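**Student:** Below you'll find the structure I mean.
Throughout, read-outs are computed from the coordinates displayed, never taken from laboratory work. This is a predicted model, so every value here is computed, not measured. Here the Cβ positions follow ideal geometry from the backbone for every residue, glycine too, while neighbour counts run over all protein chains shown.
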Amino acid sequence: MSALAKKNDLDAAHFILGLSIAILVIVVAVPVLLIFLNAFWAEGKFNIVDVFAVLREPDTYQALLNSLIIASGTTLGSTVVGTFFAWLVTRTDLPFKKFMRGMFLVPFMLPSFIGALAWKMLLSPRAGYINRLFMDVFGLEAPVFNIYSYLGIVAVEVMYLFPFVFIQVCGALERMDPTLEEAARISGAGLFTITRRITIPLVLPSILSGALLIMLYSMAHFGTVAVLGIENGIYNIPTLIYERIHQSAGSFASIRTGTVLASVLVISAAFIIWLQGKVLGRGRYQIIAGKSFRPVELKLRALRWPMLGFCVLYIGVTIVLPTAVIFLVGGLKTYGLPFVSENLSLANYKFILFEYQVTKDAILNSVTLGLAAAFITMFAGVMISYVIVKMKVRGKGFLEFLGMLPFSVPGSVIALGVILAWSGKYGVNLYNTVWIILVAYIARYMAFSLKANSAALEQVHDSLMEAARACGAGMWQTLRDIVLPLVRPGMLAAFFLIFLPSLRELTVSIMLYAPTTRTIGVAIYTLNEDGETVFSAALAGIALLLIITGQTIINRVSAKYQG
Amino acid sequence: MATILVESVSKRYGKHQVLDYFSLRIEHGECFTLLGPSGCGKTVLLRLIAGFETPDSGAIRIGETVVARADNGTHLPPERRGLGVVFQDYAVWPHLSVFDNVAYPLKLAGLPKQSVRDRVLESVALVNMTGLENRLPSELSGGQQQRVALARALVARPALLLLDEPLSNLDANLREEMRFEIRELQRKLDITVLYVTHDQEIALALSDRLAILDENGILRQTGTPPEIFEHPADLFVFNFMGVANLLPARGEGKACLVGRQIFPVEPGACPDGARRLAGFRPSDVLIDRESPDGAPCLRGTVRRASFLGPVMDYLIDVDGNTLRASVDTHEALDRDRMFREGDPCVLRFRNLHWFDASDTAGKGAGA
Amino acid sequence: MSYVRLTNVTKRFGRVTAVNSLNLAIEKGECFSMLGPSGCGKTTTLRMVAGFEDLDEGEIRVGGRLLSSRTRNFYLPPEKRDFGMVFQAFAVWPHLSVYENVAFPLRIRKLSAAEIAARTQDALTSTNLLKSAQDSPENLSGGGKQRVALARALAINPDVMLLDEPLSSLDPHLREEMRFEIKDLQRKYGFSIIYVTHDQSEAMALSDRILVMKQGVVQQIDSPLNIYNKPANKFVFSFIGLHNFLSVNPLPDGTASLDGQRPLPEALAPPGELRDAGPLSLATRPSEIDFSTEGHFTATVTRKSFLGEIVDYQLTAGGQELRIQKNRRVPGPEVGETCGVLLLKPYWFGENA
């Protein structure tokens, strides 16, 4: 009788483990494996010569180089900007610090390709509003700034990516034990020396970790380069994959190039993640302490208000201006007209929301895809995290390895992988249906769900579950009554962490869409490509409204959970 | 009846053999403490009895039931062993109110609503928490949370209560208060209590009997608190039970010597040629300026005098051996026993425990 | 002329007066402790001396040098005060080696390389850290980290050492060891110590004089023995060690009774100046009570705990609780028995003082 009970527990554990492994294998491992297989395996044997041949093609080589240039520039720029503002809002007496801190986080929720779209409207060499303003009004011969350039792309990416560094450095500076700096002061060091010799070295691991995150993101980033680069012949890895796969649908050579490029992405991503682990593991000093007073605050004195002015200007130019342009252009009768009231109306918005089939479909697709992906990924993530964090079963190590995979697989790789896996070659053909996008979304967002749910589960100490067992609850009862209620905040966080980004998803959907399965991101992008700039802007405006509303709800909910 | 019988139980984690053929009997109605340094396997033993771990060898009985037996794979899951457990970190469920926390075992047992209510209120009253039933754990102090855990462990009226360092997260005053409460609950409810701790003071104050384990999981001694304190089985037990002085002595002819001095001890304590350690507590040292009535004493020098409030704490050098003596402050003031550093002094001892000098378990004098 | 001098020092945080017109004089080479419950203003006082807080009134001088003064609107920043300071959470810099941590204050002062090497070496020797000089402080234990902090504070050979609960992050047995090490360092280097702690036995063991503080107001400044033996008020008495307070009513004939019911013998009469002060507190320490047939009054044992070297008794006398601690060799009553108790050292305080 008692032996039986034990066996049931074990069977249940093995069932959950098996299911978790199956999900990760099917959704993530198989597509990635197929990419490597296609890249390195030709005509039944391992073939590295062809891989190098592909990499040496001028287009491919240039794309690799471009990815590197853009990612390096973006990382450098974001690190400087992010660290500077983080220092400003945590260590100086800048007025309205709290508010400014919140403002610097806003770019997190703005999709960068919509930002790129806005900057294109402002600074494209001939039609950009700012360039035209200078040429028409001040009679300049040439445009002030050409956004279709490396510098333009890097600048736009920095605007939307610097919060990765900002948030890490803010956290490190706020958690830092102030007596570390006080000890330096009493040793005789002035504020400048302390900043240089104590503060900066101590938060360096956080700075580097944020920088690597940006590197990872920028290498695999599609939207900004697609909007601003392609026009001028600047391709990076994801845009080249897209171009090859999309234009020459399914040819062997294009698949080959795509998989080789995707392999490069996966390998660099894995390397960056490894490096980040190394930086954090070695350098994450124990600088957090209990008893704390206010940290040393640098008095900006005469610079106080000018600094605030600078911050406001920065936010005005990088957030307010592009957002306003999107909404204004969305209201124009024809692109290119000046923003005066007789040219502006809500007609475009009405049209795309209620009349235009393409955009109506796109909104519906994105919302249903987002909900479905968020729902499925949330539950799968909670189950997998539970096995990894809480269960003691043999074979867990393999699952832990699989669980790391989603973190290092960029979107365009996933898209390519699911095309290889689900296009009928292995019995199931989902190509050109909405299901293939769903599968890809699940793979893409699994990392978010695993992260949020593991964090929540780590908080649930083993003794809470053991206490339930001692009270007479079996394993399933313990899960239902104790574990699930306690990880609910983590699950909810996972849900929104997936739902909101999926509303603006572009990288994956652009590779997988069919005429009736456009998502919001795809529709904005293709409308823009087709020259329907005003509709594109209007749809982008609606996407922004959706995202801002969603974010506000999350903030309310998470504030409630914390309070 | 909840007599616990642990028979030849072994448990190994990887390469680390935590328990090796360990046997123990705990009687019904007893408050029994497992005392030992961290890593000695005392918590593992508790978890084996609770059913959170399975033994590699041996068997465990609670009352008449074999709850675990390695050779035929018997393992009764924890929820069916009919016991209450209280953990070091309280393990009060943060999403449930005090009432719901305590009611949970009864709800699982399928009791009707009214009797759930009655039993919960009774249990809450038992731990002096009446009126706080609707609070969430986050609104309670550490001590209150531990009371909730206690009420939850007791509500289903288990015959056996397991406590795993339940007081070590509480501050000193609260720890003392809870110590008394646990003791009184145990008597009132007539249950068996198994208490695991590394704190010898709690173990002495709380237990009917206690068992001392060393860092290798070996049982050194079981007995009542005075038995253990006054008659330590070996040097390890003596060292573990409080601040320990150990003075190396050697027998030469009929005399017993410490350094170059004659150590006045009862005959036969240290025979000719023997090397032994004389163990004693700081409060068993009688320190004076001059030998009263010329009685034989050891002579020493005060190296350090620390005034600690209620006691004066002296570090004394006797021919190169350091020992520690404590004197009540009021006594030191009234009887001229306020020594300064460098003062000479004479020492007598109330009670000596003798250990073989080769016993390696000693950690030296408690200085 | 004393060395560290605080005159009428006052500090307010919003509406709360953290330190209220504090006057203090600390001698050169003295070990001076500030003791009190958390929030009593002891840490604020130390931080004002260090220069991390400015003051709202008064002035601070060290060795004749003015450090802070409200009336003259003068404030010397901490980096110019030349103190050594040790913090509760160690505050050693994890990105620098032990050696570089200790050399930091010397490098800041731009001393010659030879001098830096010599002084760092000396400070490391004094704190037994020579062997770990090139290690990262991250690899040291709590005690090791605190030694690095001490060595760093010593490096400039300061006249005044400020210690902010330096031992409270350590294990109890390590705490005791470090206490002696600090004392030995003081003997060797001759600096004055201002020591902040909430642990009375630490303050007792270490200090030449102790200041007991409550809500920003000085309660007593005295030697450890006098703080223990001649407490200025009920608060000071209650803050040092275990204590019993019995409520007592004075009677017109000069004696008193345990809350109306039990008259106390003449031997236990309140001192004259307190006879008209209303209800009184009769204070004793658990270790300063004997069981005696000729006791001052009788009490009944409710709890008895064997704690090893001592046995702890709880008794009730006229509904009031009394605690007694005796060496385990002293014979004592069992639970339920009534016995006479003799207060060896009674103290009297006004009930609400």
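**Student:** Loop sites only, by DSSP: take the GluC sites (Glu not before Pro) in chain C that have at most 11 other C-beta atoms within 10 Å and name the longest stretch containing none of them.
**Tutor:** Working: sites that count: C:294, C:334.
Here the longest run is C:1-293.
**Student:** Let me ask something else about it. Give me the number: length gained by fully extending residue B:23 to residue B:338, i.e. 0.36 nm times residue separation minus the C-alpha to C-alpha distance, one decimal in nm. Write out the running numbers ahead of the final one.
**Tutor:** On the way: separation 315, 0.36 × 315 = 113.40 nm, distance 4.98 nm.
Length gained, residue B:23 through residue B:338: 108.4 nm.
**Student:** Any idea what the dipole of the stretch B:243-356 comes to, in debye rounded to 20, about its Cα centre with Lys/Arg Cβ at +1 and Asp/Glu Cβ at -1? List each step's numbers first, then the result.
**Tutor:** Working: 16 positive and 17 negative charges, 61 e Å.
Roughly 300 debye for the stretch B:243-356.
**Student:** Note down the relative contact order for the stretch B:243-356 as a percent, whole number, built from C-alpha pairs under 8 angstrom at least six residues apart.
**Tutor:** Relative contact order for the stretch B:243-356 comes out at 30 percent.
**Student:** A further question on this structure: Just need the relative contact order of chain C here, percent rounded to a whole number, with Cα pairs under 8 Å and 6+ apart. Don't skip to the end; give the middle numbers.
**Tutor:** Values: 728 pairs, mean separation 52.7, N = 353.
Across chain C, relative contact order equals 15 percent.
**Student:** Can you give the FRET efficiency for residue A:364 and residue A:175, using 1/(1 + (r/R0)^6), R0 = 56 Å, r = Cβ-Cβ distance, to the nearest 0.05? Before the final figure, lay out the partial values.
**Tutor:** Values: r = 44 Å, r/R0 = 0.78.
Calculated value: 0.80.
**Student:** Something else: Just in the stretch A:345-423: which trypsin sites (Lys or Arg not before Pro) are loop by DSSP and have at most 11 other Cβ atoms within 10 Å? Could you put the intermediate results ahead of the total?
**Tutor:** Details: sites: A:350, A:360, A:390, A:392, A:394, A:396; in loops: A:392, A:394.
Of the trypsin sites (Lys or Arg not before Pro), the ones in loops of the stretch A:345-423 whose Cβ has at most 11 other Cβ atoms within 10 Å are A:392, A:394.
**Student:** Under a crude label model (7 Å from the Cα following the beta-carbon direction), how far is residue A:127 from residue A:15 in nanometres?
**Tutor:** Each label point lies 7 Å from its Cα, and together they span 5.9 nm.
**Student:** Something else about it: Taking chain B as a whole, which cysteines find no other cysteine Cβ under 4.7 angstrom from their Cβ?
**Tutor:** Flagged as lacking a Cys partner: B:31, B:40, B:297, B:345.
**Student:** Right, another one. Would you mind checking which residues have amide H under 5 Å from residue C:219's amide H? H placed 1.01 Å from N; only 5 or more apart, or other chain.
**Tutor:** Distant-sequence amide H within range of residue C:219: C:212, C:213, C:214.
**Student:** Kindly state, to the nearest 0.05, the FRET efficiency for residue B:290 paired with residue C:180, given R0 = 25 Å and r defined as their beta-carbon distance.
**Tutor:** Numbers: r = 28 Å, r/R0 = 1.13.
Given R0 = 25 Å and the Cβ-Cβ separation, E is 0.30.
**Student:** Looking at chain A, which longest stretch skips every one of the GluC sites (Glu not before Pro) that is in a DSSP loop with at most 15 other Cβ atoms within 10 Å, leaving the sites themselves out?
**Tutor:** It works out to A:298-563.
**Student:** Rounded to the nearest 20 Debye, what is the dipole magnitude of the protein assembly as shown about its Cα centre when Lys and Arg each give +1 and Asp and Glu each give -1 at the C-beta?
**Tutor:** Details: 124 positive and 118 negative charges, 516 e Å.
Around 2480 debye, computed over the protein assembly as shown.
**Student:** Have a look at the DSSP beta bridges in the protein assembly as shown and tell me what percent are antiparallel, nearest 5.
**Tutor:** Approximately 75 percent, going by the DSSP bridge assignments.
**Student:** A follow-up question, please. Counting other Cβ atoms within 10 Å of each Cβ, which trypsin sites (Lys or Arg not before Pro) in the stretch B:272-302 have at most 16 and sit in a DSSP loop?
**Tutor:** On the way: sites: B:275, B:276, B:289, B:299; in loops: B:289.
Those satisfying the criteria are B:289.
**Student:** Expressed as a rounded percentage, what relative contact order does the stretch C:42-195 have, with Cα pairs under 8 Å and six or more residues apart? Write out the running numbers ahead of the final one.
**Tutor:** Numbers: 217 pairs, mean separation 38.9, N = 154.
Rounded, it is 25 percent for the stretch C:42-195.
**Student:** Given a 10 angstrom Cα cut-off, can you work out which residue in B:47, B:281, B:260 is the most mobile in a GNM of chain B?
**Tutor:** B:260
**Student:** For residue B:117 and residue A:371, what is the calculated FRET efficiency with R₀ set at 35 Å and r taken between the beta-carbons, to the nearest 0.05? Don't skip to the answer; put the middle values down first.
**Tutor:** Values: r = 41 Å, r/R0 = 1.18.
E(calc), rounded to 0.05, equals 0.25.
**Student:** With loop defined by DSSP as not H, G, I, E or B, and exposure as at most 11 other Cβ atoms within 10 Å, which is the longest segment of chain B clear of exposed GluC sites (Glu not before Pro)? Before the final figure, lay out the partial values.
**Tutor:** Working: sites that count: B:64, B:290.
Answer from the scan: B:65-289.
**Student:** How do A:55, A:369 rank when sorted from fewest to most other Cβ atoms within 10 Å of their own Cβ? If you can, show how the numbers build up before the last one.
**Tutor:** Numbers: A:55 16, A:369 24.
Fewest-to-most Cβ neighbours within 10 Å comes out as A:55, A:369.
**Student:** 7 Å from Cα along Cα→Cβ at both residue A:151 and residue A:545: what's the point-to-point distance in nm?
**Tutor:** 3.7 nm
**Student:** Per residue of chain C, what 222 nm ellipticity follows from adding -39500 (n - 2.57) for every DSSP H run with n ≥ 4, rounded to the nearest 500? Please list the in-between numbers first.
**Tutor:** On the way: 8 runs with 84 residues, N = 353.
The helix contribution divided over chain C gives -7000 deg cm²/dmol.
**Student:** Under a 10 Å cutoff between Cα atoms, tell me which one of B:99, B:32, B:307 has the largest fluctuation in the Gaussian network model of chain B.
**Tutor:** B:307
**Student:** For C:74, A:40, B:22, what's the fewest-to-most ordering of other Cβ within 10 Å of each Cβ? Please list the in-between numbers first.
**Tutor:** Values: C:74 11, A:40 16, B:22 23.
Neighbour counts put them in this order, fewest first: C:74, A:40, B:22.
**Student:** Which order results if B:338, A:475, A:511 are arranged by neighbouring Cβ count within 10 Å, fewest first? Could the numbers behind the result be given before it?
**Tutor:** Values: B:338 15, A:475 18, A:511 25.
Lowest to highest Cβ neighbour count: B:338, A:475, A:511.
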